[in-house]
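Let me begin by presenting the structure, written as structure tokens, before commenting on it.
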Amino acid sequence: MVCCAMHLYGQYCPVARAAEILADRWTLLIVRELLADVDHFNELERGLPGISRSLLAERLRLLVSTGVAERRAAEPGRRVEYRLTPAGRDLQRVIEVLGDWGAHWAFGDPRPNELDPIVLLWWMRRRGCLDRLTKRRVLQFEFQGLPRTYWLLLEPAEASVCLQNPGFQIDLLVHADMAAFYRVWLGRLTLSQAMATGHLRIEGSPSDVRSFPHWFAWSPMAERVRAASTSQQVAAADL
């Protein structure tokens with residue numbers, strides 16, 4: 001079935017057919033989120049700041065109509081879920097190849113409009129290693145130049161981003177330059193490098209400060225970014 005929102009190239013070519021489904025703005029990022037098992041509309045919207053709700057709905061309809069995703073009707077009291085089909089899951093290798101290429105050829109330091117504290121904490125929430133926790137952990141974040149404070153609540157059963165103080169004892173207080181923290185998250189800078197240069201400071205008990213890096217799996221793209229940076233450094237040294 002052809003979705004009315006789909007741009008048709010009029011070329012009988014597998015690349016053209018794939019581009020008709022995936023090349024529209026936001027579509028691949030929606031697939032990226034679905035591959036991370038983000039399956040509810042509101043959660044997808046939180047991970048994609050800048051997309052309108054109407055455009056997100058349109059892109060999801062396209063993915064469903066083309067067999068890339070499926071919409072599961074909500075049972076009474078439950079939300080609608082979007083899940084990738086086998087065709088959609090097969091896009092994991094496309095995302096990985098794009099990530100490798102982007103890390104090597106198109107990835108530098110973050111632009112100012114890419115620095116969003118809520119998105120960063122939302123990513124951290126999703127990548128929390130909750131199975132390593134035996135009790136609640138509360139992290140308070142203060143980003144340089146921003147007037148407000150943010151909290152990340154990690155519990156063995158779930159993690160939450162809080163815009164108001166959750167009312168529990170703070171285990172770690174993180175002071176950070178947001179651009180530097182993004183670079184740490186994406187693998188362009190190590191945690192120790194950020195702390196040594198004063199771009200990141202963590203206050204708390206010595207054991208919690210030591211454990212902090214192990215509370216998260218960090219970005220799924222971090223390994224690719226580190227590998228690309230190493231490759232670029234080797235290439236530069238050979239010149």
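No lab work stands behind these numbers, since they all come straight from the coordinates. Quantities reported herein were computed from a predicted structural model and do not represent experimental measurements. Ideal geometry is used to build each Cβ from the backbone, glycine not excepted, and the neighbour counts take in all protein chains shown.
At-a-glance table
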quantity	calculated
Angle in degrees between helix 117-126 and the longest Cα principal axis of the chain, rounded to the nearest 10	80
Global geometry of the stretch 74-172, whether rounded, prolate or oblate, following the gyration tensor of its Cα atoms and the 1.5 cut on a/c	oblate
Rounded, prolate or oblate (a/c below 1.5 giving rounded, otherwise prolate when a/b exceeds b/c) for the stretch 112-223 by Cα gyration tensor	rounded
For the chain: relative contact order, % (alpha-carbon pairs under 8 angstrom, 6 or more apart)	15
GNM flexibility winner over the chain from Ser211, Ser160, Ser219 (Cα, springs under 10 Å)	Ser211
Relative contact order (%) - the stretch 121-239, alpha-carbon pairs under 8 angstrom, separation at least six	25
Shape of the stretch 194-236, Cα gyration tensor, a/c cut at 1.5	oblate
In order through the stretch 30-44: 3J(HN,Hα) via Karplus (6.51 cos²θ - 1.76 cosθ + 1.60), integer Hz, x for Gly, Pro	5, 4, 4, 5, 5, 5, 8, 6, 8, 10, 10, 4, 5, 6, 4
Over the chain, volume per residue of the alpha carbon convex hull, in Å³	172
Under-5 Å amide H pairs with Trp151, H placed in peptide plane, nonlocal only	Phe141, Cys162
Highest-fluctuation residue, Pro220, Pro14, Pro166 considered, GNM on the chain with Cα pairs under 10 Å	Pro14
Nonlocal amide H pairs with Ala69, under 5 Å, H built at 1.01 Å	Val64, Thr85
Nitroxide proxy distance, nm - points 7 Å out along Cα→Cβ at Ser160 and Arg136	0.9
Simple Cβ-charge dipole of the stretch 27-161, Lys/Arg +1 and Asp/Glu -1, about Cα centre, in debye nearest 20	300
Full-extension gain in nm, Gln169 to Asp90, via 0.36 nm per residue minus C-alpha separation	24.1 nm
Filtered trypsin sites (Lys or Arg not before Pro), the stretch 1-94: DSSP coil and at most 11 other beta carbons within 10 Å	Arg25, Arg78
Low-density loop positions, trypsin sites (Lys or Arg not before Pro), the stretch 128-230 - DSSP coil, at most 12 other Cβ in 10 Å	Lys135, Arg148
Summed side-chain charge close to Thr27 - residues other than Thr27 whose Cβ falls under 12 Å, Lys, Arg +1, Asp, Glu -1	0
Karplus (6.51, -1.76, 1.60) ³J(HN,Hα), θ = phi - 60°, over the stretch 167-182, in Hz, Gly and Pro reported as x	x, 9, 4, 7, 8, 9, 10, 10, 9, 8, 6, 5, 4, 5, 5, 4
Choice from Ala19, Ala222, Ala194 showing the highest fluctuation, given a GNM over the chain with Cα pairs closer than 10 Å	Ala19
Positive-pole candidate from Pro86, Ala237, Trp101, dipole of the chain, charges at beta carbon	Pro86
Between helix 92-105 and the chain: long-axis angle, C-alpha atoms, 0 to 90°, nearest 10	60
Helix 222-238 axis, angle to the chain major axis (alpha carbon atoms, nearest 10°)	80
